[in-house]
1. Limited to segment A:75-101, what total is found for residues that are surrounded by fewer than 16 Cβ atoms within 10 Å (Cβ to Cβ) and within 23 Å of residue B:92 (Cα to Cα)?
2. Mind checking which residues of segment A:31-56 are farther than 21 Å from residue A:9 by Cβ and surrounded by fewer than 14 Cβ atoms within 10 Å (Cβ to Cβ)?
3. What number goes with the only condition from (1) within 14 Å of chain B (Cβ to nearest Cβ); (2) loosely packed, with under 15 Cβ neighbours inside 10 Å that residue A:64 does not pass?
4. Here is a list: B:43, B:95. Which entry is part of a loop (DSSP other than H, G, I, E, B) and either crowded, with 18+ Cβ neighbours inside 10 Å or in contact with a helix residue (DSSP H, G or I) (Cβ under 6 Å, 6 or more places away or on another chain) (or both)?
5. Among strands (runs of 3 or more DSSP E) lying entirely in segment A:1-51, which contain 1 or more residues that are more than 10 Å from chain B (Cβ to nearest Cβ) and more than 19 Å from residue A:74 (Cβ to Cβ)?
6. Looking only at segment A:78-105, count how many residues are more than 11 Å from the chain's Cα centre (by Cα) and within 8 Å of chain B (Cβ to nearest Cβ).
7. Which one is surrounded by the fewest Cβ atoms within 10 Å (Cβ to Cβ) among residues in segment B:66-90 that are under 10 Å from the mean Cα position of the chain (by Cα) and either under 18 Å from residue A:102 (Cβ atoms) or without any contact (Cβ under 8 Å) to a residue 24 or more places away in the chain (or both)?
8. Mind checking which residues of segment B:1-27 are in a loop (DSSP other than H, G, I, E, B) and within 14 Å of chain A (Cβ to nearest Cβ)?
């Protein structure tokens with residue numbers, strides 16, 4: 001299947017700082033990438049959909065000024081959590097759309113102190 | 001009512017048993033159905049993908065979709081401890097890219 005990578009896999013930061021997470025499709029071109037958030041023992045919550053070269057579409061309740069998404073190329077999308085706070089601590093997962101389905105990255109665990 | 005409902009479990013079965021995981025959905029426009037496996041602290045891995053009604057088999061895994069009853073199933077034969085994970089069903093409508101996920105079922109296979 002198609003491979004998606006994420007970097008970093010784990011990040012710890014201080015409250016008020018910004019954190020950037022990269023998502024790359026390694027062996028396919030993803031015109032659309034998705035960013036999810038997952039709390040312990042819960043399902044995936046879609047945060048936003050990003051199409052290469054255009055602005056991301058955010059789900060209701062997701063602050064677009066806090067979670068900045070850039071999809072500058074067909075293989076790279078980035079999520080920047082700005083002015084992070086402890087409540088932003090979570091598992092962030094990206095996926096790339098290939099054909100009729102999505103392939104997911106390994107996730108990034110963010111801990112905000 | 002959620003669009004895709006899935007019993008969160010947990011479900012615990014002995015090694016070698018046949019496992020049946022199920023989801024129901026409410027949106028009759030769903031045409032594509034997927035099962036993902038997620039190990040702890042990892043991203044979901046696509047296991048099975050089916051279009052419309054019918055069965056699909058891949059090794060020890062069989063996916064079934066019954067659109068008349070809006071029911072999705074995943075069967076695991078000869079279950080192994082390595083199958084212990086959370087299994088997520090997902091669906092989407094034709095022309096849309098967004099997936100709608102079930103809550104996930106935590107499965108444990110006991111040696």
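1. Here the count works out to 2.
2. Once the filter is applied, which keeps residues that are farther than 21 Å from residue A:9 by Cβ and surrounded by fewer than 14 Cβ atoms within 10 Å (Cβ to Cβ), segment A:31-56 yields A:53, A:54, A:55.
3. Here residue A:64 clears every test but (1).
4. The conditions single out B:43.
5. Details: elements: A:4-7, A:10-13, A:19-25, A:32-38, A:44-51.
It comes to A:10-13, A:19-25, A:32-38, A:44-51.
6. Start the filter on segment A:78-105 by keeping residues that are more than 11 Å from the chain's Cα centre (by Cα), which leaves A:82-90, A:97-103.
So of that shortlist, the ones also within 8 Å of chain B (Cβ to nearest Cβ) come out as A:97, A:100-103.
Residues flagged as more than 11 Å from the chain's Cα centre (by Cα) and within 8 Å of chain B (Cβ to nearest Cβ) within segment A:78-105 amount to 5.
7. Result: B:86.
8. First, the residues of segment B:1-27 that are in a loop (DSSP other than H, G, I, E, B): B:1-3, B:7-10, B:15-18, B:26-27.
Correct list: B:2, B:3, B:7, B:8, B:9, B:10.
Every read-out reported here was derived from the displayed coordinates using simple, explicitly stated rules and does not represent laboratory data. It should be emphasised that the depicted structure is a prediction, and the values quoted were computed from it without experimental measurement. Cβ coordinates were reconstructed from backbone atoms using ideal geometry, including for glycine residues, and neighbour counts include every protein chain displayed.
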